Structure formats: C-alpha cells, structure tokens
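These notes are about the structure you will find just below.
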Amino acid sequence: MYDYHALYDQYRPLLFSIAYRMLGLSQDAEDIVQDVFVALQQQNSCELINIKAYLCKLVTNRCLNELKSSRKAKTTYIGPWLPEPIVTAVEGNPEEAFELKDDIAYAYLVVMQRLTPMERAVFVLRETLGFAFEEIGEWIGKSEVNCRQLFSRGKRKLDTKNNDAGVPISPLKPEFQALSASFSAAFRAGDIAAIVELLSEDAILLTDGGGKVRAAINPITGRNRVQALLTYSISNYLREGTIKKVVANGYDSFMVMFDGKPFAVYSLALNPDGSAISRVYVMMNPDKLQSAARLLERQS
C-alpha cells in the first residue's frame with residue numbers, strides 16, 4: 001500500500017508544474033492535483049508499475065478536459081485573456097511564504113495560448129519537462145509519430161520569425177532583471193520619460209480585467225499609445241495606491257495595491273536581442289490575483 005502523504009510531497013511540484021503550464025491558472029492547477037490524489041486513493045493503486053507515469057497521465061488528461069470545456073468561456077471573455085501570475089514574494093515580506101511556485105517566464109505562458117490543448121500538452125511535457133514522445137503518447141492516447149507531429153506544429157506556431165517577433169520563446173537573458181528593475185523604479189517614481197526609453201517602438205500593453213474591473217479591452221500597440229496609458233495609470237496609482245516590488249513567476253516584477261489589497265501585477269517581456277521591453281502584461285482581474293492575496297494574508 002502506498003504512503004499517499006509521501007507520494008503527494010514527492011510528486012505535487014511536478015504535477016502542479018504540468019497543470020499550471022497547461023492551464024495558466026494556479027488554483028485550477030492545484031485543484032486538479034488534489035483531485036488526482038483523491039482518485040488515486042480510491043483505486044487499487046498497489047498494482048501500478050510506474051506511479052509517476054500514472055499520475056502524470058491523470059493530470060495531463062484532466063487538464064485536456066478542462067481546456068476543452070473552457071474554450072467557449074474564453075471566446076466570451078471580456079478583453080485579453082492572460083494567465084494568472086504566481087506571486088511568491090512581496091517587498092517588505094522577504095520570506096516566500098506561498099507554497100505554489102513556478103519559475104516559468106510569464107511571457108512564455110502568454111504565447112502558449114496560441115496552441116491547441118493537445119499541442120500544448122505535448123509541448124509542455126516534451127519541451128518544458130523533457131518527457132519522451134513515446135511516454136507522452138501513452139498518456140494522451142496518441143502514437144509517438146502523432147506526438148512528434150503535434151510538437152512540430154506547436155513549435156511552428158511559437159516560431160517568433162513567423163509569428164510574434166516581440167516575444168521570443170527562449171531563456172531570459174541576464175539583462176532582463178536590469179531592465180525590469182529600471183522599469184519598476186521609473187514607474188514608482190512617475191518618470192514617464194525613463195519608461196519610454198525602456199520601451200521598444202512596437203511595444204504592446206495588454207490588460208486583463210476580465211470584466212471585473214475597468215481595463216483596456218483591446219491591446220494597446222505602439223510606444224506612444226503605451227506611454228499615454230501608462231501616464232494615466234501612474235498618475236492614478238501614485239495618488240491613491242501603493243507600488244511594491246514582487247517576485248512573479250520567479251522573476252522581479254511589481255504590484256499595485258489599493259487599501260492593502262492587490263489591484264494589478266505587471267509582468268514584462270523583452271524583444272529578441274534583449275535591448276528593450278516589448279510587452280507589458282497587466283493582470284487586474286481579481287480572480288487571478290489570488291496567489292498575491294493569499295501571500296499577503298499569510299504574511300500579515
């Protein structure tokens with residue numbers, strides 16, 4: 001008989017990583033992991049030969065079902081749909097008290113939305129976590145050849161030369177932290193001129209309010225238009241809110257707070273040569289700021 005507590009401690013980080021990368025929502029990912037372990041305890045699991053493979057299969061297929069069922073909801077979503085950032089540290093509270101951590105770059109999660117559920121499953125399991133195509137095929141009911149085809153198709157969709165050259169799918173360069181820190185400092189100081197110098201000419205700003213708060217429902221394209229929106233936002237934030245440094249998805253970022261509660265988390269992406277900020281992602285949907293809210297509650 002398995003020690004289910006030990007199995008949970010051992011495999012939860014891996015399973016959460018799979019689910020979060022596929023869904024882009026931390027609480028949904030955690031719910032799926034919890035459900036999988038409940039299902040495991042209700043089966044005659046002592047007969048399983050490879051418990052790790054079995055758990056990965058369960059999580060992957062539950063995520064596929066979730067993605068298929070949520071497809072319609074996304075088509076009626078108000079404004080851009082952005083993944084939920086995972087906030088693990090807040091300025092003034094240096095200890096990382098929130099347990100659900102993930103160091104995948106936020107911009108990577110955003111562009112993953114281009115893939116179909118099946119392409120995303122294969123891409124996440126292969127490219128991000130290094131599983132073999134044969135293994136993946138057994139989990140999702142596809143042949144090894146089909147998995148290779150799905151992977152190649154997903155790769156083409158994520159090819160920056162043919163799609164979005166402003167967001168490269170590659171490891172972040174060391175200069176990211178420096179540019180991010182400069183952007184954050186300029187934002188907090190209300191230094192619009194400094195912010196403009198950090199933005200690429202084709203910069204795009206996307207805000208996800210989910211219809212819950214006032215936010216731009218279309219992408220803001222071009223440095224001048226991004227500057228105009230940031231000028232308005234910063235004026236409002238500095239007058240009524242507080243801006244704090246945070247760690248989001250393993251990288252330095254910042255968060256706007258009103259009355260001690262999270263209001264917006266800003267995440268950034270660089271252009272391919274790492275010389276400027278090409279994308280500004282602003283999460284304002286309160287339903288997707290729960291990791292930050294829970295972290296603040298735990299540290300209060």
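The values are calculated or read from the model by the stated rules, or taken from the named source; none is laboratory data. Here the structure is a predicted model, which is why all the values come from computation and not from measurement. Cβ atoms come from the backbone with ideal geometry, glycine included; neighbour counts cover every protein chain shown.
Quick test for you: out of N61, N50, pick the one residue that is outside the structural domain of A181 (by TED's automatic domain parsing), more than 13 Å from the chain's Cα centre (by Cα) and at pLDDT 90 or above. Steps first, answer last, please.
Details: N50 fails: at pLDDT 90 or above.
Of N61, N50, the one residue that is outside the structural domain of A181 (by TED's automatic domain parsing), more than 13 Å from the chain's Cα centre (by Cα) and at pLDDT 90 or above is N61.
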Original post:
Which residues, taken from region 216-260, are closer than 23 Å to Y20 by Cβ and in a loop (DSSP other than H, G, I, E, B)?
Top reply: N249, G250
Original post:
Where residues in region 221-239 are β-branched (V, I, T) and in contact (Cβ under 8 Å) with a residue 24 or more places away in the chain, which of them is farthest from S267 (Cα to Cα)?
Top reply: T231
**OP:** Working only within region 224-242, note down all residues that are surrounded by 19 or more Cβ atoms within 10 Å (Cβ to Cβ) and touching a helix residue (DSSP H, G or I) at 6+ places or on another chain (Cβ under 7 Å).
**Re:** L230, I234
**OP:** State whether one or more residues within region 125-136 are closer than 20 Å to R71 by Cα and either out of contact with any helix residue (DSSP H, G or I) (no Cβ under 7 Å at 6 or more places or on another chain) or modelled with pLDDT under 95 (or both).
**Re:** no
Original post:
In region 250-272, which residue that is under 14 Å from D202 (Cα atoms) and over 13 Å from the mean Cα position of the chain (by Cα) is surrounded by the fewest Cβ atoms within 10 Å (Cβ to Cβ)?
Top reply: P272
Original post:
Out of region 26-52, which residues are surrounded by fewer than 22 Cβ atoms within 10 Å (Cβ to Cβ), of a type outside the set (G, A, S) and touching a residue at least 12 places away in the same chain (Cβ under 8 Å)?
Top reply: Q27, D28, E30, D35, F37, L40, Q41, C46, I51, K52
**OP:** Could you check P219 against (1) modelled with pLDDT of 90 or more; (2) more than 20 Å from the chain's Cα centre (by Cα) and say which number it fails?
**Re:** (2)
**OP:** Can you give me the number of residues within region 186-223 that are over 13 Å from V282 (Cβ atoms), among the polar types (S, T, N, Q) and touching a helix residue (DSSP H, G or I) at 6+ places or on another chain (Cβ under 9 Å)?
**Re:** 1
Original post:
What do you reckon, is L55 surrounded by 14 or more Cβ atoms within 10 Å (Cβ to Cβ) and modelled with pLDDT of 95 or more?
Top reply: no
Original post:
Considering region 11-22 alone, what residues qualify as being without any contact (Cβ under 8 Å) to a residue 60 or more places away in the chain and either of a type in the set (S, T, Y) or buried (at least 20 other Cβ atoms within 10 Å of the Cβ) (or both)?
Top reply: Y11, L15, A19
Subject >> Number of the condition not met by L230 [criteria: (1) within 21 Å of P272 (Cα to Cα); (2) out of contact with any Lys or Arg (no Cβ under 8 Å at 6 or more places or on another chain)] >> reply: (1)
